[in-house]
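Data block below; observations after.
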Amino acid sequence: MYIDCHCHLDLINIFGININDILQNSRKLKINSIVQVSASINEFKTFFPVFSKNFLYKNELPFLYFTFGISPNDLSYEAFDFSELLDLFLHFDLIEHMNNGKLVAIGEIGLDYFHKFFTSQEQKNAFEVQLQLAKKYNLPVMLHIRDAFDDAIKILKNADISSPIIFHCYTGDPEITTTILENFENCAFSFAGNITYKKMENIQKSLLIIPIEKILLETDSPYLSPGKLRGKENVPYNVIQTYDFVANLLGVSLESLCNQIRINAKNFMNIF
Ligand SMILES: [Zn+2]
């Protein structure tokens with residue numbers, strides 16, 4: 001059984017792939033659970049009501065979970081004031097979804113100095129405010145950090161949250177990985193399809209120094225299709241190829257990797 005710890009069903013849907021088809025294929029291919037990740041408020045406002053009504057609470061595989069957050073590349077919600085963010089959280093009944101075990105993290109949030117659609121100050125502010133929200137509800141954080149690890153580490157240290165810190169689509173080199181491991185006991189690293197790409201030796205080297213208890217796997221679909229599927233739109237069940245690649249790299253059996261990732265997903269995000 002496989003888990004896709006991070007995908008964007010709303011965006012896959014926009015690309016014309018039907019969510020029912022994705023879920024049906026996922027079931028056939030033994031995908032146990034999928035985490036739908038929020039990246040912007042506008043998207044959340046339009047997609048989440050449909051998603052929660054039609055899919056989230058279906059009692060069949062794959063089990064669905066979701067996150068709430070605004071990515072550093074989509075700070076369309078300009079009022080980055082904690083109380084207004086809290087209002088939104090309450091407006092969408094997120095406490096109830098959290099208590100039902102369906103809201104599993106605040107994310108994706110963080111810093112992206114590669115794209116830099118917003119100034120670093122704007123990004124830092126949005127990041128800090130959302131970390132406060134995670135702290136208030138003791139929720140894990142799902143991080144999007146690109147070319148900004150130094151600032152991100154500083155902010156995370158200041159935020160001093162005790163819930164898990166999950167680096168999504170992890171791209172840090174071994175040196176950054178060591179720093180993170182030394183500074184944040186409760187951290188996890190989620191690897192996406194790009195770990196299978198030829199020029200990604202740094203990510204592969206990082207994987208090898210991370211304790212297996214701290215590894216998660218994801219698709220980030222519709223982006224970053226693994227292996228030979230590169231360039232095509234990605235879907236959650238393609239996570240199987242990333243499992244294969246990672247099992248090989250770690251020299252463990254696919255079965256034991258599946259078991260380990262299930263334990264990790266339960267430990268870090270309370271996903272079953
Ligand atoms: Zn994402």
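The values are calculated or read from the model by the stated rules, or taken from the named source; none is laboratory data. Since the model is a prediction, treat every value here as computed from it, not as a measurement. FYI the Cβ positions are ideal-geometry reconstructions off the backbone, even for glycines, and counts take in every protein chain you see.
Table for the structure above
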read-out: Residues of the range 177-200 that turn out to be modelled with pLDDT of 95 or more and over 23 Å from ILE31 (Cβ atoms), as a count; value: 11
read-out: Filter pass, PHE63 being among the hydrophobic types (A, V, I, L, M, F, W, C) and farther than 18 Å from PRO140 by Cβ; value: no
read-out: Boolean, GLU108 is closer than 22 Å to ILE166 by Cα, without any contact (Cβ under 8 Å) to a residue 40 or more places away in the chain and charged (D, E, K, R); value: no
read-out: Residue in the range 124-147 that is part of a loop (DSSP other than H, G, I, E, B) and of a type in the set (Gly, Ala, Ser) present; value: no
read-out: Criterion violated by SER163 - all others in (1) away from the ligand (no atom under 16 Å from the Cβ); (2) assigned to a helix (DSSP H, G or I); (3) within 25 Å of ILE3 (Cβ to Cβ) satisfied; value: (2)
read-out: From ASN100, ASN158, ASN125, ASN138, residue being at pLDDT below 95 and surrounded by fewer than 17 Cβ atoms within 10 Å (Cβ to Cβ); value: ASN125
read-out: Options LEU64, LEU85, LEU75; residue that is crowded, with 16+ Cβ neighbours inside 10 Å, under 18 Å from ASP147 (Cβ atoms) and in contact with a helix residue (DSSP H, G or I) (Cβ under 7 Å, 6 or more places away or on another chain); value: LEU75
read-out: Residue pairs meeting the criteria (Cβ under 7 Å; at least 6 apart or on separate chains; first farther than 14 Å from SER120 by Cα, in the range 145-162; second among the charged types (D, E, K, R) and surrounded by 13 or more Cβ atoms within 10 Å (Cβ to Cβ)); value: ALA159/GLU128; ALA159/LYS135; ILE161/LYS135
read-out: Filter result for SER38 (buried (at least 22 other Cβ atoms within 10 Å of the Cβ), in contact (Cβ under 8 Å) with a residue 24 or more places away in the chain, touching a helix residue (DSSP H, G or I) at 6+ places or on another chain (Cβ under 9 Å) and of a type in the set (Gly, Ala, Ser)); value: yes
read-out: Within the range 1-81, strands (runs of 3 or more DSSP E) holding 1 or more residues that are within 16 Å of the ligand (Cβ to nearest atom) and closer than 22 Å to ASP93 by Cβ; value: 31-36, 63-68
read-out: Tabulated pairs, the range 118-136, first touching a residue at least 12 places away in the same chain (Cβ under 8 Å), second among the basic types (Lys, Arg) and surrounded by fewer than 17 Cβ atoms within 10 Å (Cβ to Cβ), C-beta under 9 angstrom, 6+ apart or interchain; value: GLN123/LYS116
read-out: Criterion: of a type in the set (Gly, Ala, Ser) and either part of a helix (DSSP H, G or I) or without any contact (Cβ under 8 Å) to a residue 60 or more places away in the chain (or both) - qualifying residue of SER206, SER221; value: SER206
read-out: Total residues in the range 235-266, condition without any contact (Cβ under 8 Å) to a residue 60 or more places away in the chain and either assigned to a helix (DSSP H, G or I) or in contact with a helix residue (DSSP H, G or I) (Cβ under 8 Å, 6 or more places away or on another chain) (or both); value: 20
